[in-house]
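Q: One structure, as structure tokens, below. Some questions next.
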Amino acid sequence: MTIAVQCRDLRKTYDGKVEAVRGLSLEIQTGECFGLLGPNGAGKTTTIEILEGLLQPTSGEVSILGHTWRENKRELRELLGISLQETRLSEKLSVRETIELFASFYREPRSSDEVLEQLQLTEKADAWVGKLSGGQRQRLAVATALVCNPKILFLDEPTTGLDPQSRRQLWDIIRAFQRDGGTVLLTTHYMDEAERLCDRLAIIDHGQIIAEGSPGSLINRLGGHHVVEFAVSGNSDGAALEAWRSLPSVESVREDDGMLALHVKEPHLTIPALLAAVAMRGRELQHLSTRQASLEDVFVQLTGRHLREE
Amino acid sequence: MSVAQETPAASVKSPRSQAARRNGRWAGYTHLLMARMRELKREPEVVFWVFVFPLLLALGLGIAFRNKPGEAASVAIVAGAGAPETKAMLEGSPHHATFKIDVQNEATAQKGFRLGKYDLVIAPDGRGGFQYRYDPARTESVLARAEVDDALQAAAGRKDAVATTAVTSSAPGSRYIDFLIPGLLGMNLMNSGMWGIGFALVDMRQRKLLKRFVATPMRRGDFLLALLSSRLVLMIIEIALLLSLGIFVFHMRVLGSLFSIVLLGAAGAVTFGGLGLLTASRAQKIESVSGLMNLVMMPMWIFSGVFFSYERFPTMLQPFVKILPLTALNDALRASILEGTPLTHQWPRLLVMLLWGGISFALALRWFRWT
Ligand SMILES: Nc1ncnc2c1ncn2[C@@H]1O[C@H](COP(=O)(O)OP(=O)(O)OP(=O)(O)O)[C@@H](O)[C@H]1O
Ligand SMILES: [Mg+2]
């Protein structure tokens with residue numbers, strides 16, 4: 001496999017004071033769907049725009065398909081499809097006119113009809129952009145990126161603010177692009193998106209990668225694949241936490257919003273022991289649930305914070 | 001055969017296999033220009049401000065300041081001894097001026113004079129003489145005094161020492177509307193050039209559309225060229241509309257060639273396009289560019305002789321007035337339209353515009369921010 005995108009020790013300081021990216025290195029293989037996952041202000045947009053050649057890094061190296069931005073700007077642009085986090089396309093142009101406009105910038109674009117069909121916008125081809133729904137607009141933004149038949153697709157938060165159905169539609173489009181041999185780099189702050197769509201991902205916080213790997217391997221690193229969450233009456237303290245930690249099959253414990261969360265390998269061993277321990281201390285169980293561990297748990301374990309503060 | 005017929009269906013599934021089309025060198029420019037023209041056409045405000053508003057302005061001002069026959073001076077005679085005789089003298093004078101004459105008591109006459117109802121107050125002194133009360137700062141007042149004096153002196157028997165005759169003239173070419181239309185044309189080219197380029201650019205920058213464009217292989221020069229070209233197209237329509245209004249409604253005579261007028265229009269559009277580009281080269285927000293734009297245009301609205309001649313400003317200010325690009329454009333348009341002066345005789349004005357436009361462009365390209 002060849003390397004599609006590579007960067008080494010990327011740093012970006014805005015106005016000499018805001019350190020948005022601090023020493024970030026990545027390698028994305030051809031044909032891979034790579035995700036940058038992180039909370040607001042983590043530096044995702046800054047990173048992806050440096051890779052897209054739209055921002056000058058303060059220091060660090062970038063190479064796209066083996067070329068640097070300095071040596072081969074125009075040729076590289078022919079090969080990349082880009083959708084920015086917030087572009088407002090001209091409202092008074094129709095969907096088809098917008099796609100045709102973007103197509104006209106490339107040497108050998110795809111036919112607009114084909115792109116319209118692929119993005120399920122054929123019905124809306126003659127509607128003004130101003131009259132589109134959020135999901136349709138987002139698909140149009142991706143259409144303007146796909147019209148050049150790109151080798152690499154850069155998507156900055158493609159599904160933020162969309163309803164579940166629109167998100168799934170976009171996921172299908174991204175997967176289809178990848179199936180045809182395309183490479184994808186996307187940013188998101190949705191765990192489920194990263195988990196389902198990405199082959200590999202990097203979790204970014206404060207401008208640094210704090211974990212990297214496939215979604216499965218990142219979750220594996222938690223130890224337990226299951227999370228048992230419960231609440232008991234009475235106060236808990238450090239000693240109590242240690243006690244829960246020593247229950248069978250428990251890998252780690254954390255307290256989260258008055259709730260205790262155990263990362264567990266085999267819940268059928270843990271739960272009976274947990275019930276017994278609660279009863280033995282004369283406490284009362286107020287809540288008990290189990291679920292699959294997610295990337296959210298990975299993030300919380302790494303940073304002590306949630307990815308999205310809702 | 002059936003295999004061959006299935007092939008198209010299969011190729012739909014895999015879009016990559018379809019033959020790609022090839023774009024020529026100017027595809028981007030053409031599409032950018034088309035997109036810009038479409039957007040303008042679909043924006044009712046643009047159509048109003050660029051095309052309809054200047055026409056309304058010309059129409060309104062043209063009607064308000066249409067040439068009226070000079071109004072008869074209005075004078076008051078202070079009632080008392082000699083008043084009826086004075087009135088009779090004025091009305092019967094061999095000097096054929098017409099006056100509106102009222103005989104009023106002192107207080108009413110003074111009040112009417114103060115309010116501008118009377119241009120002159122005549123107070124007979126009862127011994128055959130008169131006292132004029134007039135305001136030297138009021139043109140009508142000065143005129144009324146001269147005419148009344150002539151009429152009274154003639155009625156009293158004074159003879160003209162030299163025989164004179166007068167011919168009146170209000171031919172097209174010397175009326176206010178003739179002065180106004182080229183000025184409005186110049187102002188309109190400035191307004192729409194500055195707004196059309198500056199506003200559009202900042203709006204696109206604010207919407208991150210400029211950034212999106214430079215993320216494609218689009219040639220940046222083509223983008224700016226397309227924006228400027230759209231201005232040139234609009235310029236031709238603006239000129240056609242305003243000149244037609246002048247010709248068909250106000251019977252204006254256009255002496256210069258249409259070609260030279262369009263060429264001047266193009267020079268103006270490019271000059272103010274350059275200024276617009278410079279004003280908008282870094283601004284991130286519409287609000288900030290609006291203020292800047294008004295700041296740039298304000299002196300020209302006032303000093304460049306759009307509505308009245310800049311000769312009225314003190315001599316000291318004249319060099320400053322003359323180097324403004326709108327002054328150069330207005331002067332050149334007036335010379336071309338009203339006097340038929342060929343462009344070859346107008347090179348200082350063209351040079352002023354060229355310098356403004358050229359320097360603005362050069363600076364704008366240096367400072368311009370796409371993101
Ligand atoms: N142009 C700028 N000037 C100064 N600071 C900036 C600029 N752009 C971003 N920043 C700062 O850099 C940091 C990283 O911003 P960035 O946009 O890369 O985050 P992000 O991960 O994309 O966030 P989000 O999920 O909200 O899009 C933030 O603290 C932000 O305030
Ligand atoms: Mg972002």
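All of the numbers you see were taken from the coordinates with simple rules; none came from a lab. Bear in mind the structure is a predicted one, so any value in this text is a computation, not a measurement. Counting neighbours? That spans all protein chains shown, and the Cβs are built from the backbone with ideal geometry, glycine included.
Q: Test of understanding: in a Gaussian network model of chain B with alpha carbons linked when under 10 Å, which of B:Ile239, B:Ile337, B:Ile359 would top the mean-square fluctuation ranking?
A: Among B:Ile239, B:Ile337, B:Ile359, the largest mean-square fluctuation in the Gaussian network model of chain B belongs to B:Ile359.
Q: Using the basic label-point model (7 angstrom from Cα toward the beta carbon), what is the A:Arg221 to B:Arg138 distance in nanometres?
A: Between A:Arg221 and B:Arg138, the label points sit 9.2 nm apart.
Q: Moving on to the next point. Would you mind telling me which residue in A:Asp297, A:Asp257, A:Asp192 has the biggest mean-square fluctuation in a Gaussian network model of chain A, where springs connect alpha carbons within a distance under 10 angstrom?
A: Top of the fluctuation ranking is A:Asp257.
Q: Shifting gears a bit: Can you name the helices of chain B, as whole DSSP H runs, whose Cα span along the helix axis is 15 Å or more and whose Kyte-Doolittle mean is not below 1.6?
A: On the way: long enough: B:2-13 (18 Å, -0.08); B:27-41 (21 Å, -0.21); B:53-64 (16 Å, 2.29); B:139-155 (24 Å, 0.09); B:176-194 (27 Å, 0.91); B:220-244 (37 Å, 1.66); B:258-279 (31 Å, 1.93); B:286-303 (26 Å, 1.33); B:347-367 (29 Å, 1.19).
Helices meeting the span and hydropathy rule in chain B are B:53-64, B:220-244, B:258-279.
Q: Something else about it: Any idea what diffusion coefficient the range A:97-157 gets from Stokes-Einstein, in µm²/s, Kirkwood Rh on alpha carbon pairs, 10 °C, 1.306 mPa s? Let's see the in-between values first.
A: On the way: Rh = 11.7 Å.
It comes out at roughly 135 µm²/s.
Q: Can you put B:Leu365, B:Leu210 in order, fewest other beta carbons within 10 Å first? Walk me through the numbers before you get to the answer.
A: On the way: B:Leu365 15, B:Leu210 21.
Neighbour counts put them in this order, fewest first: B:Leu365, B:Leu210.
Q: Also: Are there trypsin sites (Lys or Arg not before Pro) in the range B:143-223 that DSSP marks as loop and that have at most 14 other Cβ atoms within 10 Å, and which are they? List each step's numbers first, then the result.
A: Details: sites: B:Arg145, B:Arg158, B:Lys159, B:Arg175, B:Arg205, B:Arg207, B:Lys208, B:Lys211, B:Arg212, B:Arg219, B:Arg220; in loops: B:Arg158, B:Lys159, B:Arg175, B:Arg207, B:Lys208, B:Arg219.
Answer by residue number: B:Arg158, B:Lys159.
Q: Run down the lysines and flag those whose C-alpha is under 29 Å from the C-alpha of B:Lys211, throwing out any fewer than 8 positions away in its chain.
A: Straight-line reach from B:Lys211, under 29 Å: A:Lys12, A:Lys17, A:Lys44, A:Lys73, A:Lys92, A:Lys124, A:Lys131, A:Lys151, B:Lys41, B:Lys285.
Q: Nothing charged except the Cβ atoms of Lys and Arg (+1) and of Asp and Glu (-1): what's the magnitude of the dipole of the range A:3-213 about its Cα centre? Round to the nearest 20 debye. Present the calculation step by step, with values, prior to reporting the outcome.
A: Values: 26 positive and 32 negative charges, 59 e Å.
Magnitude of the dipole: close to 280 debye.
Q: What FRET efficiency do you get for A:Asn40 and B:Ala107 if R0 is 60 Å and r is their Cβ-Cβ distance, rounded to the nearest 0.05?
A: Values: r = 80 Å, r/R0 = 1.33.
About 0.15, to the nearest 0.05.
Q: With the calculation restricted to Cα positions, what are the radius of gyration and Dmax of the range A:17-128 in angstrom?
A: Every Cα atom of the range A:17-128 included, Rg and Dmax give 16.9, 48 Å.
Q: Right, next: Positive end of the charge dipole of chain B (Lys, Arg +1 and Asp, Glu -1 on Cβ, about the Cα centre): tell me which of B:Met235, B:Asn330, B:Thr30 has its Cα farthest that way.
A: Result: B:Thr30.
Q: Under the rule of at least 5 residues apart or a separate chain, name every residue whose amide H is placed under 5 Å from the amide H of B:Ile77.
A: Answer set, sorted by chain and number: B:Asp102, B:Val103, B:Gln104, B:Ile122.
Q: To the nearest 10 degrees, how steeply does helix A:267-280 sit against the main Cα axis of chain A, on a 0 to 90 scale?
A: The angle comes out at about 40 degrees.
Q: Same structure, new question: Using the beta-carbon distance between B:Arg22 and A:Leu285 and R0 = 51 Å, what value does 1/(1 + (r/R0)^6) give for FRET efficiency, to the nearest 0.05?
A: Details: r = 70 Å, r/R0 = 1.38.
After rounding to 0.05, the efficiency reads 0.15.
Q: Report, to two decimal places, the Cα Rg of chain B normalised by 2.2 N^0.38 Å (N = number of residues).
A: Values: Rg = 31.4 Å, N = 371, 2.2 N^0.38 = 20.8 Å.
Here the Cα radius of gyration is 1.51 times the empirical estimate.
Q: Send over the semi-axes of the range B:243-301's equivalent ellipsoid, whole angstrom and largest first, taken as the square roots of 5 times the C-alpha gyration tensor eigenvalues.
A: Details: eigenvalues 211, 41, 15 Å².
After scaling each eigenvalue by five and taking roots: 33, 14, 9 Å.
Q: Please work out, to two decimal places, the log10 of the ratio I(q)/I(0) at q = 0.10, 0.11 Å⁻¹ from a Debye calculation in which every Cα of the protein assembly as shown carries one identical scatterer.
A: The calculated log intensity ratios at q = 0.10, 0.11 Å⁻¹ are -1.03, -1.14.
Q: Can you work out the Karplus-derived ³J(HN,Hα) for every residue in the range A:30-46? Use 6.51 cos²θ - 1.76 cosθ + 1.60 with θ = phi - 60°, whole Hz, and x for glycine or proline.
A: 4, x, 8, 10, 10, x, 9, 10, x, x, 4, x, 6, x, 5, 4, 4
Q: Rg over Rh of the range B:18-63, using C-alpha atoms and the Kirkwood radius, what does it come to? Walk me through the intermediate numbers first.
A: Numbers: Rg = 18.4 Å, Rh = 13.5 Å.
Expressed as Rg/Rh, it is 1.36.
Q: Nearest 20 debye, what's the magnitude of the dipole of chain B about its Cα centre given +1 on Lys and Arg Cβ and -1 on Asp and Glu Cβ? Show your work: numbers first, answer last.
A: Details: 40 positive and 25 negative charges, 520 e Å.
Computed about the Cα centre, the dipole is about 2500 debye.
Q: Separate question: Suppose R0 equals 41 Å; then what is the FRET efficiency for A:Ser133 and B:Met298 from their Cβ-Cβ distance, rounded to the nearest 0.05? Don't skip to the answer; put the middle values down first.
A: Details: r = 43 Å, r/R0 = 1.05.
Calculated value: 0.40.
Q: Taking the number of other C-beta atoms within 10 Å as the exposure measure, put B:Arg133, A:Arg167, A:Arg281 in order starting with the fewest. Could you put the intermediate results ahead of the total?
A: Details: B:Arg133 16, A:Arg167 21, A:Arg281 13.
So the residues, fewest neighbours to most, are A:Arg281, B:Arg133, A:Arg167.
Q: Can you tell me the 0 to 90 degree angle between the C-alpha axis of helix A:134-146 and the longest principal axis of chain A, rounded to 10?
A: 60 degrees
Q: Given the -39500 (n - 2.57) contribution per DSSP H run of 4+ residues, what per-residue ellipticity at 222 nm results for chain B, rounded to the nearest 500 deg cm²/dmol? Walk me through the numbers on the way to the answer.
A: Numbers: 16 runs with 212 residues, N = 371.
So the helix-based figure for chain B works out to -18000 deg cm²/dmol.
Q: Still on this structure: Would you mind pulling out the separation of the Cα centroids of the range B:349-363 and the range A:93-152, in Å?
A: One Cα centre to the other: 40 Å.
Q: Right, here's the next one. Could you list log10 I(q)/I(0) for chain A at q = 0.10 Å⁻¹, which the Debye formula gives when each Cα is one point scatterer?
A: Computed log10 I(q)/I(0) values: -0.65.
Q: Hey, got the Cα dimensions of the range A:1-73 along the principal axes, in Å, largest first?
A: Principal extents (Cα only, largest first): 38, 29, 17 Å.
Q: Compute, for the range A:157-310, the length of the dipole vector about the Cα centre, with Cβ point charges of +1 (Lys, Arg) and -1 (Asp, Glu) only. Units Debye, rounded to 20.
A: Numbers: 15 positive and 23 negative charges, 74 e Å.
Approximately 360 debye in magnitude.
Q: OK, next. Distance in nm between label sites at B:Ala163 and A:Thr303, each 7 Å beyond Cα in the beta-carbon direction?
A: Label-label distance for B:Ala163 and A:Thr303, simple model: 10.5 nm.
Q: Sticking with this one: With point charges of +1 on the Cβ of Lys and Arg and -1 on the Cβ of Asp and Glu, referenced to the Cα centre of chain A, which listed residue (A:Gln136, A:Ile82, A:Pro158) lies farthest in the positive direction of the dipole?
A: A:Ile82
Q: Roughly what percent of Cα-Cα pairs across the range A:169-290 reach past 23 Å?
A: On the way: 3484 of 7381 pairs.
Tail of the P(r) past 23 Å holds 47 percent of the pairs.
Q: So, one more: Can you give the relative contact order of chain A as a percent, counting alpha carbon pairs under 8 Å and 6+ residues apart?
A: Details: 581 pairs, mean separation 59.4, N = 310.
Relative CO of chain A lands at 19 percent.
Q: For B:Arg127 paired with B:Thr30, estimate the spin-label separation in nm (one decimal), with each label point 7 Å from Cα along the Cα-to-Cβ line.
A: 9.5 nm
Q: Can you tell me the Rg and the Dmax, both Å, for the Cα atoms in the range B:73-155?
A: Over the range B:73-155's Cα set, Rg and Dmax evaluate to 11.4, 31 Å.
Q: Relative contact order, percent, of the range B:260-365 when contacts are C-alpha pairs under 8 Å separated by at least 6 residues? Write out the running numbers ahead of the final one.
A: Details: 90 pairs, mean separation 48.9, N = 106.
Relative contact order comes out at 46 percent.
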